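Report on the following structure.
The values are calculated or read from the model by the stated rules, or taken from the named source; none is laboratory data. From a predicted model like this one, the values you see are computed outputs, not experimental measurements. As a convention, Cβ positions derive from the backbone with ideal geometry for all residues, glycine included, and neighbour counts pool all protein chains shown. The accessibility values were calculated without ligands, DNA or RNA, using every heavy atom of the protein model including side chains. Shrake-Rupley method; radii C 1.70, N 1.55, O 1.52, S 1.80 Å.
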Amino acid sequence: MYNIRSSGSVQFILLRDGTGLVQAVASRQALSPESFALAKRLTQEASLRLRGRVREDARSPGGVELEVSDLELVGPSQDYPITLKEHGTAFLMEHRHLWLRSLRQTAILRVRATIVKAMRDYMDGQGFTLVDAPILTPAAVEGTTTLFPVEYFNETAYLSQSGQLYNEATCMALERVYCFGPAFRAEKSNTRRHLTELWMMEPEAAFFTYEDNLRLQEGLICSIVEQVLTHRSRELEALQRNSDALRKVMAPFPRITYDDALQLLAEGGLELPWGEDLGAPQEAFLSCRYEKPVFLTHFPVACKAFYMKPDPLRPEVTLSADLLAPEGYGEIIGGSERIDSLELLEERIRQHNLPMELYRWYLDLRRFGSVPHAGFGIGVERTVAWICGLEHIRESIPFPRMLEKMYP
Ligand code: 4AD
Ligand code: MG
């Protein structure tokens with residue numbers, strides 16, 4: 001029971017099920033006295049089973065109405081905390097397990113499911129094989145500051161930050177692979193776009209160049225947007241998402257180098273010293289300039305991960321790109337071509353003070369038939385936030401995990 005309106009001898013019951021809302025009309029004439037009494041007593045979120053006749057009614061939300069002939073209470077509900085008026089975010093987060101029943105949250109969950117399916121369908125269609133990566137790992141991929149340690153018998157394991165290193169192993173076996181799973185980052189700041197537990201889809205392909213990598217991203221993003229527009233227009237409407245903005249997402253996407261980005265930022269009063277990574281305000285500034293997603297390319301070696309291949313023409317920058325979603329959303333994808341030389345990779349591991357011993361297996365990939373390869377990771381939640389037009393990433397995942405927030 002989503003909502004109820006009474007007019008004496010008739011109860012208008014708004015019912016919710018897995019497909020949406022429908023209005024049921026329970027009248028004194030059509031029901032037994034017990035059933036009608038029950039209909040009058042119904043409270044928000046009580047669950048019921050009912051029988052009736054479906055009648056076409058153009059004025060009703062779904063175009064039909066239900067004339068109730070019988071109803072039965074399945075589970076009562078007293079003092080449901082989330083009423084149909086406005087509530088504060090802290091209160092809603094505390095009741096996330098119930099908040100998920102709202103029309104807005106169910107719309108987001110449906111779009112999320114469609115996005116995940118679109119990602120997988122696209123990769124499968126491009127000849128990529130799904131290969132799962134481990135969650136318990138011995139070493140860092142994306143820097144040691146955001147690792148979550150876990151006691152692992154007499155050792156320390158870390159929750160995976162990314163499946164990439166394992167993808168690099170499996171792509172040497174299967175050529176084109178992707179992993180899909182959760183990733184963990186002990187992000188110590190509270191922002192609108194950081195979770196500590198997120199889901200990522202990460203493709204990796206042998207013989208892929210930097211350029212191939214960008215083309216694959218364009219194809220993937222266009223396909224995701226198209227699938228959502230085709231299958232989830234009702235949900236986008238419920239979320240009041242401007243879908244014209246999404247219709248503009250067509251390949252090719254504009255590209256700007258890191259150097260040009262610094263120039264634009266300086267003109268906009270957001271100066272950044274060369275070599276430093278962009279923060280949220282810089283990304284938002286750049287991403288607002290375009291109607292399509294934009295690639296930010298050739299980041300300095302100094303501000304990127306140890307495995308990124310330097311540009312042979314300019315070794316102080318990497319063959320990397322971040323994809324920024326438009327409308328101020330910022331980074332949704334990070335990717336690069338990978339270092340394929342054993343010597344350079346060893347040097348980088350040393351420079352980053354990473355424990356060489358733990359990367360022995362990863363170095364083996366460069367010892368035995370190393371080939372150029374590239375890949376990327378797309379964050380599911382940031383993609384959902386952008387496509388649904390959400391203000392905060394917390395609504396993009398059923399049970400968000402954030403700095404010091406684990407309940408429910
Ligand atoms: O840019 P990132 O850190 O790249 C990697 O992890 C690579 N190893 C991926 C690869 O090349 N296989 O993360 C990839 C994406 C980001 O662009 C972002 O969308 C998402 O993962 N992401 C987060 N989303 C929410 N909260 C966080 N704390 C996130 N950290 C990364
Ligand atoms: Mg990144």
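Structure values in brief
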read-out: Residues of the stretch 63-77 that turn out to be over 17 Å from I4 (Cβ atoms) and surrounded by 12 or more Cβ atoms within 10 Å (Cβ to Cβ), as a count; value: 3
read-out: From G143, G88, G127, G63, residue being outside the structural domain of G379 (by TED's automatic domain parsing), of a type outside the set (S, T, Y) and on the phi > 0 side of the Ramachandran plot; value: G63
read-out: Residue count, the stretch 103-127 (criterion: part of a helix (DSSP H, G or I), more than 30 Å from I82 (Cα to Cα) and either β-branched (V, I, T) or open to solvent by 30 Å² or more (accessible area, probe 1.4 Å) (or both)); value: 6
read-out: A186 within 11 Å of ligand 1 (Cβ to nearest atom) and surrounded by fewer than 21 Cβ atoms within 10 Å (Cβ to Cβ); value: yes
read-out: Counted residues, the stretch 253-302 - those being under 16 Å from Y210 (Cα atoms) and part of a loop (DSSP other than H, G, I, E, B); value: 4
read-out: Strands (runs of 3 or more DSSP E) wholly inside the stretch 303-404 that include at least 1 residues being open to solvent by 20 Å² or more (accessible area, probe 1.4 Å) and over 30 Å from S243 (Cα atoms); value: 314-318
read-out: Residue count for the stretch 58-88, restricted to those that are touching a residue at least 40 places away in the same chain (Cβ under 8 Å) and under 22 Å from E235 (Cβ atoms); value: 4
read-out: Subset of the stretch 1-21 that is β-branched (V, I, T) and open to solvent by 40 Å² or more (accessible area, probe 1.4 Å) - its residue that is farthest from E56 (Cα to Cα); value: I4
